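Data block below; observations after.
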Amino acid sequence: MNSSIHYDVAYGHLLTDELCTKYQGLRTLVVTDPTIKKNYGSLFSKLNPSFLFTKTMEARILEQENQLLPPFDLVIGLGGGMAMDIAKFHAWKSGKTLVQVPTAISVDAMFSYPIALRFDGKVKYVGEIIPDKIYCDFNILQSTPPVLNRSGICDLLSCHTALYDWQLGAEKGKSQMDPELYNKTSKLLQEVKNQVDDIYQMTEKGIRLLMEGFKFVAVENYKVGHCQYEEGSEHFFYYCLEALTQKHFLHGKVINLGILLMSMLQDNKVEEIKTIIKKAGVPIHPGSMDISYDDIAQALRQCNAYVEEKGYSYSILNDKTITEDFINDAINTIKSEFDPTLQEK
């Protein structure tokens with residue numbers, strides 16, 4: 001792996017004209033979903049694209065899908081995390097040019113150079129592809145339902161729990177600590193906490209902060225070959241819950257839930273993180289994710305065994321057993337502080 005990586009990011013308004021001019025004449029495949037195509041598909045009409053609708057991140061199905069695609073030279077990921085990951089897969093698999101146009105920044109998939117596929121209930125990262133360009137169009141992003149963009153805070157706020165896990169792993173001799181990267185990540189995390197109001201309001205400053213934070217995570221990941229400074233027990237809880245329920249979640253909701261729960265397990269500045277999650281305006285109660293409190297409880301019961309079975313990096317879930325008392329405390333915290341449907345009663 002090379003030690004450096006570069007992302008070309010364009011920030012501005014009405015950037016699709018620039019995109020169509022730059023790539024005019026290329027046979028284009030746009031990966032999106034029907035609603036986003038209806039809203040934004042016409043902006044790409046100069047490219048006369050074929051459209052592929054997102055369905056699943058299951059590796060076996062994507063392999064089959066790739067064999068049936070029409071000829072293309074350029075893949076555009078137009079949408080959220082799934083659209084961008086599927087676009088990455090087909091561009092990588094076919095050796096074609098990739099461009100990302102996020103319509104929501106609920107996840108950092110536009111910068112993540114590997115592709116997060118699903119293999120029998122486990123997330124595995126495969127391949128390696130860097131987009132030719134990422135278009136951060138403020139017009140598109142600021143017209144998106146705000147919660148979809150606010151959710152993006154999760155992939156930076158996750159450093160709160162991930163840094164704890166990374167340090168814990170180093171203390172146990174399970175991880176190699178990089179003090180410089182740890183300190184840089186801590187500064188980014190503090191900036192996110194300080195500017196949570198801009199993220200909530202989705203100002204241009206808030207959008208840039210999330211995008212530049214995502215870029216930082218991707219660049220450092222490429223340098224060091226892991227993401228332990230940003231991905232820890234909070235993500236592992238999500239993977240366990242996804243495997244248990246077989247449901248697809250808005251990334252920010254379930255990761256922010258994981259951040260809350262794992263902060264509690266770590267005893268890691270719990271009151272501070274509660275305040276930040278509330279200010280971010282991303283609902284984390286089970287009703288907002290079409291799951292139940294029992295689903296959360298069951299995932300917590302399975303988490304310790306799940307991380308051991310799947311071989312994820314060392315975290316609090318390897319170090320501390322989740323008890324029924326903890327589960328009851330966690331459920332009561334969500335009900336009393338984060339579930340407006342119960343607070344209204």
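Multiplying the sequence separation of Gln142 and Leu14 by 0.36 nm and subtracting their Cα-Cα distance, what value in nm do you get?
Result: 44.9 nm gained on full extension.
Computed from the Cβ-Cβ distance with R0 of 41 Å, the FRET efficiency linking Ser4 to Val270 stands at 0.65.
Quick one: grab the alpha carbon gyration tensor of region 105-162, order the square roots of its eigenvalues as a ≥ b ≥ c, and give me rounded if a/c is under 1.5, else prolate or oblate depending on whether a/b is larger than b/c. Cα axes put region 105-162 in the oblate bin. Over the chain, DSSP H runs of length four or greater, each weighted -39,500 (n - 2.57), average out per residue to a 222 nm ellipticity of -16000 deg cm²/dmol. By accessible area, using a 1.4 Å probe on protein heavy atoms only, region 241-345 has 45% of its surface on carbon and sulfur. Identify, among Leu181, Ser4, Phe89, the residue whose Cα sits farthest towards the positive end of the charge dipole of the chain, taking +1 on the Cβ of Lys and Arg and -1 on the Cβ of Asp and Glu, with the dipole about the Cα centre. Most positive-ward Cα: Phe89. Think of region 87-154 as having a plus end and a minus end, set by charges on the Cβ of Lys, Arg, Asp and Glu; of Asn139, Val101, Phe119, Phe119 sits farthest toward the positive end of this dipole. P(r) for the chain: what percent of alpha-carbon pairs falls in each 20 Å bin, starting at zero? Taking every Cα pair in the chain, the percentages come to 31, 59, 10, 0. For region 212-319, the Cα-based Rg and Dmax, in that order, read 14.1, 40 Å. In the context of the full set of protein chains, residues of the chain present 42 Å² of accessible surface per residue (probe radius 1.4 Å, heavy atoms only).
Need one word for region 202-256: rounded, prolate or oblate. Basis is the Cα gyration tensor (sqrt eigenvalues a ≥ b ≥ c); a/c below 1.5 gives rounded, then a/b vs b/c decides.
oblate
Rounded to the nearest 20 debye, the dipole magnitude of the chain is 820 debye, with +1 charges on Lys and Arg beta carbons, -1 on Asp and Glu beta carbons, and the Cα centre as origin. Taking 8 Å as the Cα distance limit and 6 or more residues as the minimum spacing, I'd like the relative contact order of region 214-320 as a percentage. For region 214-320, the relative contact order is 33 percent.
Averaged over residues, the count of other Cβ atoms within 10 Å places the peptides 194-204, 227-237, 105-115 in the sequence 227-237, 105-115, 194-204, highest first. Using a Förster radius of 41 Å, what is the FRET efficiency between Lys22 and Glu58 based on their Cβ-Cβ separation? Nearest 0.05, please. After rounding, the FRET efficiency stands at 0.80. Cα centroid separation, region 164-216 to region 230-251: 20 Å.
Take the Cβ atoms of Arg301 and Asn66, set R0 to 45 Å, and the FRET efficiency comes out at 0.75. Full extension of the segment from Val224 to Gln176, taken as 0.36 nm per residue of separation minus the current Cα-Cα distance, would add 16.2 nm.
For region 1-105, the square roots of the Cα gyration tensor eigenvalues, ordered a ≥ b ≥ c, give a/c below 1.5, which places it in the rounded category. Among the protein heavy atoms of region 1-154, carbon and sulfur supply 49% of the accessible surface, probe 1.4 Å, non-protein parts ignored.
The values are calculated or read from the model by the stated rules, or taken from the named source; none is laboratory data. Every value quoted in this text rests on a predicted model; they were computed, and no experiment measured them. Cβ coordinates were reconstructed from backbone atoms using ideal geometry, including for glycine residues, and neighbour counts include every protein chain displayed. Side chains are part of the model used for accessible areas, which takes the heavy atoms of the whole protein and leaves out ligands, DNA and RNA. Shrake-Rupley method; radii C 1.70, N 1.55, O 1.52, S 1.80 Å.
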